[in-house]
Amino acid sequence: MEFLRSVVPFHPMPVIATDTVILRAPAMADYAAWSSLREQSRGFLTPWEPLWPGDDLTRGAFRRRMRRYHSEMRANTGYPFLVFTTEGQQMVGGLTLSHVVRGVTQSCSLGYWMGAPFAGKGLMTAAVKAVIPFVFDTLRLHRLEAACLPHNAASIRLLEKAGFTREGYARRYLCIEGRWQDHLLYAIVSDDPRP
């Protein structure tokens, strides 16, 4: 097993800081702030996310989430970040790079969520812009993809401000709020101009 670990390059989770946001890997110590913000934002987030399991906000579910995150990081298939304000270091949301694929694809998917009290302040746009160099310069990927619901005007604005290009329309692409829904497909590639 030790041999396999040495063969697969491990990319440690960086702390990414800008003038407005800090991105870092989640830890068990974040449970109280994370569960509080998610609960406070439940009504705001529900239209944009998969159905929440009944125990989603429990400490046990968060512990399982952390185990999955650690497994994905060790396998270099996913990189989770929590997003905090630079001033006051208050948790405002989360951002995940998932489905990292190597070989001829060299891509990953971007997902994000913002706590209701912090929406519309440009913090997630800043976080997405801040993670792009990690994707292209550290992970050495070629393509970063994202999808959003066609009626999610805030997410469309965010992706376009961050330099993503709309590439397509996927019918019944993801199961959001308990039903398969169409999504707009966006991407940014490594040689695109960076915002």
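Laboratory data are not the source of any read-out in this text; all were calculated from the coordinates shown. Computed from a prediction, not measured in an experiment: that's the story for all the values here. Quick reminder, even Gly has a Cβ in these numbers, built from the backbone with ideal geometry, and neighbours come from all protein chains shown.
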Shape category assigned to segment 30-162 from the gyration tensor of Cα positions, a/c cut at 1.5: oblate
Built amide H within the under 5 Å cut-off of Y173, gap 5+: Q181, D182, H183
Binned Cα-Cα distance frequencies in segment 108-180 - 5 Å width, integer %: 3, 13, 25, 24, 18, 13, 4, 0
Cα coordinate range in segment 134-173, projected on the principal axes (Å, largest first): 33, 21, 12
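Compute the longest continuous run of the chain that contains no exposed trypsin sites (Lys or Arg not before Pro); treat a site as exposed when its DSSP state is not H, G, I, E or B and it has at most 14 other Cβ atoms within 10 Å.
Working: sites that count: R102, K121, R140.
After excluding every exposed loop site, the longest remaining stretch is 1-101.
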Karplus (6.51, -1.76, 1.60) ³J(HN,Hα), θ = phi - 60°, over segment 92-109, in Hz, Gly and Pro reported as x: 10, x, x, 9, 10, 9, 10, 6, 5, 10, 9, x, 6, 8, 6, 9, 7, 10
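For the chain, what is the mean residue ellipticity at 222 nm derived from helices alone (per DSSP H run of n ≥ 4: -39500 (n - 2.57); sum divided by total residues; nearest 500 deg cm²/dmol)? If you can, show how the numbers build up before the last one.
On the way: 6 runs with 56 residues, N = 195.
Computed mean residue ellipticity for the chain: -8000 deg cm²/dmol.
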Around A162: net Lys/Arg minus Asp/Glu count, Cβ-Cβ under 13 Å: +2
For segment 65-82, 3J(HN,Hα) per residue [Karplus equation, 6.51 cos²θ - 1.76 cosθ + 1.60, θ = phi - 60°, Hz, x = Gly/Pro]: 4, 4, 4, 5, 4, 5, 4, 5, 5, 4, 7, 6, 10, x, 9, x, 9, 9
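Work out the length of the dipole vector of the chain about its Cα centre, built from +1 on the beta-carbon of each Lys and Arg and -1 on the beta-carbon of each Asp and Glu, and round it to the nearest 20 debye. Can you show the working numbers first?
Numbers: 23 positive and 17 negative charges, 70 e Å.
Once rounded to the nearest 20, the dipole reads 340 debye.
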Listed residues A17, A153, A162, most fluctuating in the chain (Gaussian network, C-alpha, under 10 Å): A153
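Could you grab the relative contact order for the chain? Cα pairs under 8 Å, six or more apart, rounded to a whole percent.
Working: 318 pairs, mean separation 38.4, N = 195.
Relative contact order, the chain: 20 percent.
For segment 52-100, just say rounded, prolate or oblate: build the C-alpha gyration tensor, square-root its eigenvalues into a ≥ b ≥ c, call rounded for a/c under 1.5, and beyond that prolate if a/b exceeds b/c, oblate if not.
Taking the square roots of the gyration eigenvalues as a ≥ b ≥ c, segment 52-100 is oblate.
Report the local net charge at L123: Lys and Arg +1, Asp and Glu -1, summed over other residues whose C-beta lies under 13 Å from its C-beta. Don't skip to the end; give the middle numbers.
Working: positive: K121, K129, K161; negative: D19, E87.
Surrounding charge for L123 is +1.
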For the chain, share of DSSP beta bridges that run antiparallel, in % to the nearest 5: 90
For the chain, with +1 on Lys and Arg beta carbons and -1 on Asp and Glu, the positive-most of G122, A32, L110 along the dipole: A32
Binned Cα-Cα distance frequencies in segment 69-138 - 5 Å width, integer %: 4, 15, 26, 22, 16, 10, 5, 1, 0
Residue among V135, V83, V15 with the largest mean-square fluctuation in a Gaussian network model of the chain, springs linking Cα atoms under 10 Å: V15
Other-chain or far-sequence residues with amide H under 5 Å of V92's (modelled H): V83, F84, T85
³J(HN,Hα) computed for each position of segment 120-133 - Karplus, 6.51 cos²θ - 1.76 cosθ + 1.60, integer Hz, glycine/proline x: x, 9, x, 5, 6, 4, 4, 5, 5, 4, 6, 7, 4, x
